[in-house]
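First the structure, in the form of structure tokens, and then the observations on it.
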Amino acid sequence: MRVKEKNIYLVKAENDHVNALKAFTLDERQLAFTSMPVPAYEKCLIDHERFPVVIMEENRPVGFFVLDRGNDLFSYSDNTHAVLLRAYSINRSEQGRGIAKISLQLLEPFVKRHFPNCHEIVLGVKEDNEAAKRIYLGAGFIHTNKKKKGRSGPQDILKYPIL
């Protein structure tokens, strides 16, 4: 079953999302590429350069990611007006329904609203994670032809210019 775009939206994560985020599951292969939502959310509570985002379908969380303006950003880009997309995940039970594609289409207007001076979204994707690269590239991200050493191997750095 595919989702309809009107049912998917992005919101800043709040404490009342945590119980639903705790129920998220990812398979072991995915955990090599990303982190679980609750630990990533908890880092946001300590580091105010990190902005936690929940992907909602109607009134329930189906995905999560973080927009980071901290120093880690500069190992991906030297653009001081960029934001780093990290810890992106879709709950395993919700995968394969087009939620990732729709959420990434909603990303630019969401970033413009919350980070009006942002000109670029950057991310690192593991070199051999072809499925994720396909999704990001299909959503308008482009290769920077740069690589970065990640916790589980080399990453390709992708960017999404914001006009």
Close lysine pairs (segment 1-155; alpha-carbon distance under 20 Å; 8 or more apart or on separate chains) counted at 19
Label-to-label distance, nm, for residues given as residue 71 and residue 131 (7 Å Cα→Cβ offset): 3.5
Hz values of 3J(HN,Hα) by residue in segment 70-76 - Karplus curve (6.51, -1.76, 1.60), Gly and Pro given as x: x, 5, 4, 3, 6, 8, 10
Could you name the aspartates and glutamates in cross-link range of residue 159, using Cα to Cα under 17 Å and dropping any fewer than eight places away on the same chain? 68, 72, 78, 108, 120, 127, 130
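For segment 98-162, what does the equivalent ellipsoid look like in terms of its semi-axes, each the square root of 5 times an eigenvalue of the Cα gyration tensor, given largest first in whole Å? Can you show the working numbers first?
Values: eigenvalues 90, 42, 17 Å².
Working through the eigenvalues yields semi-axes of 21, 14, 9 Å.
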Just to confirm the filter: which chymotrypsin sites (Phe, Trp or Tyr not before Pro) across segment 82-163 are DSSP coil and have at most 15 other Cβ within 10 angstrom of their Cβ? none
Highest GNM mean-square fluctuation among 135, 99, 55, for the chain with Cα springs under 10 Å, belongs to 135
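If you take the Cα atoms of the chain, find Rg, then find the Kirkwood Rh from the mean of 1/r over all pairs, what is Rg/Rh? Don't skip to the end; give the middle numbers.
Details: Rg = 14.6 Å, Rh = 15.8 Å.
Rounded to two decimals, Rg over Rh is 0.92.
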Dipole axis of the chain (+1 Lys, Arg; -1 Asp, Glu on Cβ), positive-most option in 81, 157, 142: 142
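Using only DSSP helix segments of four residues or longer, with each worth -39500 (n - 2.57), what per-residue ellipticity at 222 nm results for the chain after dividing by its residue count and rounding to 500?
Working: 5 runs with 44 residues, N = 163.
It comes out at -7500 deg cm²/dmol, rounded to the nearest 500.
If contacts are Cα pairs under 8 angstrom and at least 6 residues apart, what is the relative contact order of segment 5-161 in percent? Walk me through the numbers on the way to the answer.
Values: 260 pairs, mean separation 32.6, N = 157.
Over segment 5-161, the number comes to 21 percent.
Is there a quick way to get the dipole size of the chain? I mean about its Cα centre, with the Cβ of Lys and Arg at +1 and of Asp and Glu at -1; what is the value in debye to the nearest 20?
Values: 25 positive and 20 negative charges, 60 e Å.
Result for the chain is approximately 280 debye, rounded to the nearest 20.
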Taking a ≥ b ≥ c as the square roots of the Cα gyration tensor eigenvalues, with a/c under 1.5 meaning rounded and otherwise prolate when a/b beats b/c or oblate if not, segment 68-118 comes out oblate
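Only the coordinates and a few stated rules stand behind these numbers; no lab work does. Bear in mind the structure is a predicted one, so any value in this text is a computation, not a measurement. For neighbour counting, all protein chains shown are included, and Cβ atoms are generated from backbone atoms with ideal geometry for every residue, glycine included.
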